[in-house]
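*Asks:* I'd like to ask you about the structure that follows.
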């Protein structure tokens, strides 16, 4: 019973966070392919992929079963630095991250921080052009990784 309550709690927390600052886009590909496509498009657009974390693989190493869950950490000072000039505390949320996971229904999702959420969280004012640029770039990266041609 404790396990059931724990997993229900995790599920509720996952979806409550989804409504608080996470943009999630369904992918037509599996987790691995979505991650590969994301890395390809990021590198093609001049982003540096800082790291990738395979949470499922790490969990398996300690005997915990976890559906595919991959984190891609990426950035470019030409994009992130102007955002930090607007509000230096936004650096806590940089470099950018994309989370790719398979849900319990077998659907694959790519999620990233909603730039409007970051704007609110860090009280960013007077930087609408930078916010719009970052928002557009993240949406384009997600679209290229999750559907159709890059």
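*Asks:* One quarter of the convex hull surface, Cα atoms only: what value does that give for segment 23-146 in nm²?
*Replies:* Mean projected area of the Cα convex hull: 7.7 nm².
*Asks:* Provide the FRET efficiency to the nearest 0.05 for the residue 45-residue 123 pair, computing r from the beta carbons and using R0 = 25 Å.
*Replies:* After rounding to 0.05, the efficiency reads 0.30.
*Asks:* Based on the alpha carbon coordinates of segment 29-80, what radius of gyration and maximum Cα-Cα distance (Dmax) apply, in Å?
*Replies:* Reported Rg and Dmax, both Å: 13.0, 41.
*Asks:* What's the FRET efficiency of residue 54 with residue 91 using the Cβ-Cβ distance as r and R₀ = 22 Å, to the nearest 0.05?
*Replies:* 0.30
Every number here is computed from the coordinates shown, using simple stated rules; none is lab data. What you see is a predicted model, and the numbers here were worked out from it, not measured in a lab. Neighbour counts run over all protein chains shown; Cβ positions are idealised from the backbone, glycine included.
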